[in-house]
Structure formats: C-alpha cells, structure tokens
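Structure first, commentary second.
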Amino acid sequence: MVLKTVAAGLVCLTAAACTSGGSSAGGDSGTPTAGGDLKFATSVEPECLDPEVGARDVDALIDRNIFDSLVEQVKGGTFKPWLATSWTISPDQRTYTFTLRPGVLFHDGTPLDAAAVKATLDHAVDPKARSYYAASLISAYSGATVVNATTVAIHLSRPSRPFLQALSTPYLGIQSPKSIRENGTSLCQKPVGSGPFVFDNWAKGTSVKLTRNAKYAWGPSTAAHTGPARLNSLTFSFVSEDSVRLGALTSGQADVISEVPPHDVTVVRKVDQLLTTPEPGAVYTLLLNTRFGPLTDERVRKALQRSVNLDKLVDSVYAGQYKRSWSVLSPATPDYDKATADSWPYDPALAGSLLDQAGWTGRDAQGYRTKDGKRLTLRWPYSAIQQRDQRVVFGQGIQAEAKKVGIDLQYASEDPGKLGADLNSGKNLDIFAMSFVRADPDILHFYFGSDQTVAKGGGNMFQLSDATLDGWFGTESSTSSPAAATTAVAAAQQYINQHALALPTYASSYLLGAAHKVHGVTFDPTAYPLFYDVWLGK
C-alpha cells in the first residue's frame, strides 16, 4: 500500500523552482475572449483528486484548477497573498497567523473561514486520510487555532522554513470543510475547492471535466486578469501513447498535450506551439541501497556513478532537450549548487579500479565481475505503468553502460505489488529511481532525511540514516538566515555526490504542445501549466 500511495507519486513524473527562467508561455496577442472548452491530453490518469491525498503530478495539475492556496509562490522563491491577505510569523517561528480574504466561497457555497483552513490541515495529517505526501510537507504541524472567522493561527512543533512553500502547493489546497465532513472517503472523486474551475465529472479511464466557476473573484495577484476564468470548461483526457497524444494535437483533437516527446519537438514547433519551462526539484535519480547488498560498499557505488556516460546517453535519448545532472537538485531549484558541475565525470577506468579495490576482481563467462564466485549483480526493478519520458529506454542505456565495467544491472519491470513489498523490506532491490518536482530544496530532506522514510510519508526509500546529512537538513529547515540555508543545502548536495548515495541523471523541462489558437498559458513555480488566464482564439 505504501508503494501505491507514496511511491506511485514519487515515481513521479514531474512535480517542480522558482524557475521561470527559460520558460515560455502561450501567445498572448489579440484581445482575450471568453468561452470554449479546452481539451488537454495528458499521459496518465490521476489517482485521487483530494489534494491532500493525491501525490502525483497529474493530481496536482488538475487540482490546481479546483483548489486555491493560502499563499502564492512567485519567481525568486518569495510569497504573495492569495486566500490569505497577510500573515505574521512569531519570533520563535512556530506560529503562523493568517488573515483570510473575505467573500471567498467554495463551490458548494460554504464560505472560506478559519475553520476551513484548520479542517484542511487537520485532514492532511489525519492518518485515516492516508495523506502521506501532504502530511510530510507539513510534518511540523501541531495544530491550528481559530482566532476568529477570518484569522487562523497555525502552530508548528519546530521551526520550518519550507512551511510557506508547502502551503503554496496544490497538495495543500484549501478544501470545503463541509465536503471534508460529508464526503469522507469519497473525496478523491468529489473534490470541492474555491478555485476558478468546478469539478464536473470523471469518466474513469477516459477523462476529467471541469467547468468555469462563475462566482470566482479571488485569483492570485500574478494572474493576467480578474474575475471568472475565460474558458467555459477544461477537459483532461488520458492518452498514454506518446505518438497518439502527438497525433491528437496535430489533428486538432486536442488543444494542448503534455510531455511532448523530445524527439518530436521539431514537429510540434513546425505546426503548433512548444511551450516549455525547466522543472525544479529532484531530477530523475537512481537512489542506491546503502543498507543491504553490494551498494553498501561506497567503492561500488562510486564505480556505478563513474561507469555511465550521462552526457552522451542523455543527449541521445532526449535529443538535446534535457541536460545531464550533477546534483540531485535540478538547476531550476533554489539553492542548486553550481559547484557540483563537473565534479564526477564519466571515468570507466576509475570505475574499474574502484571495483578492483572492492574485491570484484574476477570475471565470469559473460564478462561480469565476480567475488568469491558470486557475480556483481544489482537489481533495479521498476513499475511499467509508472514509466514515462522514455525512461525505460534510458534505463536500458544505463544497464548497457554498467555492463561495460562488469556490473550486471538487472533492470526489469515488476508488478507494482511486488515492487512495493520489495521497497518496504529494502532487502530485495539495490536501486529505485524517481524524480519529484518541488520548488524548494527541502526536497533533499524528503529524499535523504532519516525522518523521511516511506513509512512516515517521505521519499527516503532505503531508510538511509546519516547524521551529517540530518544536521544540514535541520539547519536548512530551521534557520531564519537564507545564507545559512544555502550553505547547508550546498553541503548536502556535495556530500551526496562525494559518497555516491545516489546517481542523479538528467534534469527535464515541461514540454507542452499547444495549438496556435491557445493563448495565455503560463507556468507556476513548480512548472505546472496554468489555465485561469487561458483563452481560445480562432
């Protein structure tokens, strides 16, 4: 179950920096018009539209249109009011007091008030809600006090610098308290927020439809207009095959598609628009099992790290659209450490030497290294239904590279249930790969903090427990000094590379294909496309 609810989101695909650099938006020439249904084809179907439960990118992509947040994160990692008009932070950084915007209504007519904020956050941390990811974002939350209808005080058990960023994400979108109370376990299928679009229906396996919230008057300050959304409706259809999705765009069956295959960006640019922005957060990373198996030996981990020609492989698979990574953090993430660049280049000779030092000096008939008669085998299972972005091809490339230095990398699809059991035990696999979009460097803590194991809703898949890293994560989370936080995050990135605790591979960009009639698409700090300002021309 843990894998289904957490790792499914983790094998994420995208989820997101304060990164607008290099981004592009839909054409905005002409006079905006109202009306029309925007047809968006995306590769995967959401699991749950309860924002505190759904942890996948596609969940957040859709939920962003249904739910508003207390605050809005903007370029540079700062925050602006949204449902909260202002806030104060206590001197000990353990109490955030928000003043709420008056006149906001949820889609069921319930007014936004302090009780709604408290109900949403209580729901996020309620174990019965199984809100693993959302709960992990506010792990310091200890409760909320309704001061009055428009004032809520949120209490933390410890200072948490990433707290505002967490509140800005769709995963902590504010829900109708009436809906939380009455819809119970059906919240996944009955999302009720205060956003510019209202949930209409979900045809399982086919599409989700949202319709315009005619009463909407509380959009974020960075939006291009005020009042209701310009579109009448938004329909998200699920088309897993890249070629079919691309065909839907070029044939006019879809107005917008996600995940344009990198090798097809030229095609899209010729006939439609290619809108793109770099994704912040954790890049596609191979997390290495340091508790069981051959990778407990740092020399073997470093050998794997140096055995893969990532520059060549990434360029080949992703046609120059993505860049190889030097850090687990994407360059689009605040506090990305540029000093990590070129710090662990491709070096198969060094990889071989390290394996020799580790005692893997023999060779079997297939050319793989052996020690005491045992082949050097690393098991890397994956769930086929969660793969996107040509990751299977990419994984096969890593497998071929590892073979050159004598590592038998067993990269194969596995039943999700079996994979979840393997992850829970941590004993039957050596590698697990995932990416995670988040516009905050605290994603490193999520991946490697000893208090962020999967059982606790985190992304520490192999239960790494490293006091040095934990110390930097503690500083990063609790300090009020931006410089101290930057220093701690940089140290953590370098330490992870130096000890080969993971193998970061490539940093992706959101590649969105859009018909020329689509105007006003922008991206939020987590690289999700926004549709509040979108309008359709002719």
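Numbers at a glance
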| quantity | calculated |
| --- | --- |
| Meets criteria (within 20 Å of residue 286 (Cβ to Cβ) and surrounded by fewer than 24 Cβ atoms within 10 Å (Cβ to Cβ)) for residue 453 | yes |
| Subset of segment 288-312 (residues that are open to solvent by less than 10 Å² (accessible area, probe 1.4 Å) and either of a type in the set (Ser, Thr, Tyr) or out of contact with any strand residue (DSSP E or B) (no Cβ under 8 Å at 6 or more places or on another chain) (or both)) | 300, 303, 307 |
| Failed item, numbered, when residue 285 is tested on (1) surrounded by fewer than 21 Cβ atoms within 10 Å (Cβ to Cβ); (2) of a type outside the set (A, V, I, L, M, F, W, C); (3) in a strand (DSSP E or B) | (1) |
| Test: residue 396 is open to solvent by less than 20 Å² (accessible area, probe 1.4 Å) and among the polar types (S, T, N, Q) | no |
| Any hit, segment 495-502, residues being within 28 Å of residue 321 (Cβ to Cβ) and out of contact with any strand residue (DSSP E or B) (no Cβ under 9 Å at 6 or more places or on another chain) | no |
| Qualifying residue in segment 346-355 (condition: modelled with pLDDT of 95 or more, within 16 Å of residue 505 (Cβ to Cβ) and in a loop (DSSP other than H, G, I, E, B)) | yes |
| Enumeration of residues in segment 322-340 that are among the small types (Gly, Ala, Ser), buried (at least 22 other Cβ atoms within 10 Å of the Cβ) and farther than 26 Å from residue 406 by Cβ | 327, 330, 332 |
| Any chance residue 446 is farther than 19 Å from residue 381 by Cβ and touching a His at 6+ places or on another chain (Cβ under 6 Å) | no |
| For residue 318: the one exception among (1) farther than 25 Å from residue 448 by Cα; (2) open to solvent by 30 Å² or more (accessible area, probe 1.4 Å); (3) of a type in the set (Phe, Trp, Tyr) | (2) |
| Which numbered condition residue 343 fails, given (1) open to solvent by less than 10 Å² (accessible area, probe 1.4 Å); (2) of a type in the set (Ser, Thr, Tyr); (3) out of contact with any strand residue (DSSP E or B) (no Cβ under 8 Å at 6 or more places or on another chain) | (1) |
| Cβ pairs under 8 Å, 6+ apart, first in segment 299-314 and at positive phi, second surrounded by 24 or more Cβ atoms within 10 Å (Cβ to Cβ) | none |
| Residue match in segment 405-416 (condition: within 30 Å of residue 472 (Cβ to Cβ), in contact with a Phe, Trp or Tyr (Cβ under 9 Å, 6 or more places away or on another chain) and among the small types (Gly, Ala, Ser)) | no |
| Count of residues meeting criterion [more than 23 Å from the chain's Cα centre (by Cα) and part of a helix (DSSP H, G or I)] in segment 99-121 | 6 |
| Out of 79, 40, 106, sole residue that is within 25 Å of residue 443 (Cα to Cα) and of a type outside the set (Asp, Glu) | 79 |
| Residues that are outside any loop (DSSP other than H, G, I, E, B), under 17 Å from residue 98 (Cβ atoms) and either open to solvent by less than 10 Å² (accessible area, probe 1.4 Å) or not aliphatic (A, V, I, L, M) (or both), drawn from segment 157-178 | 163, 165, 166, 167, 168, 172, 177 |
| Only listed residue being out of contact with any strand residue (DSSP E or B) (no Cβ under 7 Å at 6 or more places or on another chain), β-branched (Val, Ile, Thr), open to solvent by 10 Å² or more (accessible area, probe 1.4 Å) and at pLDDT 95 or above, chosen from 31, 99, 110 | 110 |
| Positions within segment 225-242 being in a loop (DSSP other than H, G, I, E, B) and not hydroxyl-bearing (Ser, Thr, Tyr), in sequence order | 225, 227, 228, 229, 230, 231, 232, 239, 241 |
| Where residue 118 falls short, out of the listed (1) modelled with pLDDT of 95 or more; (2) buried (at least 22 other Cβ atoms within 10 Å of the Cβ) | (2) |
| Selected residue (criterion: farthest from residue 56 (Cα to Cα)) from residues of segment 510-538 that are open to solvent by 20 Å² or more (accessible area, probe 1.4 Å) and of a type in the set (A, V, I, L, M) | 536 |
| When residues of segment 353-384 are limited to those that are open to solvent by 40 Å² or more (accessible area, probe 1.4 Å) and among the hydrophobic types (A, V, I, L, M, F, W, C), the one nearest to the chain's Cα centre (by Cα) | 384 |
| Within segment 188-224, tally of residues that are assigned to a loop (DSSP other than H, G, I, E, B) and surrounded by 18 or more Cβ atoms within 10 Å (Cβ to Cβ) | 11 |
| Test: residue in segment 402-411 that is in contact with a Gly (Cβ under 6 Å, 6 or more places away or on another chain) and at pLDDT 95 or above | yes |
| Filtered residue count, segment 349-368, keeping only those that are touching a helix residue (DSSP H, G or I) at 6+ places or on another chain (Cβ under 6 Å) and not hydrophobic (A, V, I, L, M, F, W, C) | 1 |
| In segment 272-281, the residues that are within 18 Å of the chain's Cα centre (by Cα) and open to solvent by less than 10 Å² (accessible area, probe 1.4 Å) | 277, 280, 281 |
| Condition check for residue 126: over 16 Å from the mean Cα position of the chain (by Cα), farther than 12 Å from residue 174 by Cα, among the acidic types (Asp, Glu) and open to solvent by 10 Å² or more (accessible area, probe 1.4 Å) | yes |
| Matching option when the condition is in contact with a helix residue (DSSP H, G or I) (Cβ under 6 Å, 6 or more places away or on another chain), farther than 30 Å from residue 224 by Cβ and either open to solvent by 10 Å² or more (accessible area, probe 1.4 Å) or aromatic (Phe, Trp, Tyr) (or both), among 479, 486, 468 | 479 |
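The values are calculated or read from the model by the stated rules, or taken from the named source; none is laboratory data. Remember, predicted model here, so these are calculated numbers, not experimental data. So basically every Cβ, Gly included, is an ideal-geometry build from the backbone, and we count neighbours across all protein chains shown. Side chains included, ligands, DNA and RNA excluded: accessible areas come from the protein's heavy atoms. Shrake-Rupley method; radii C 1.70, N 1.55, O 1.52, S 1.80 Å.
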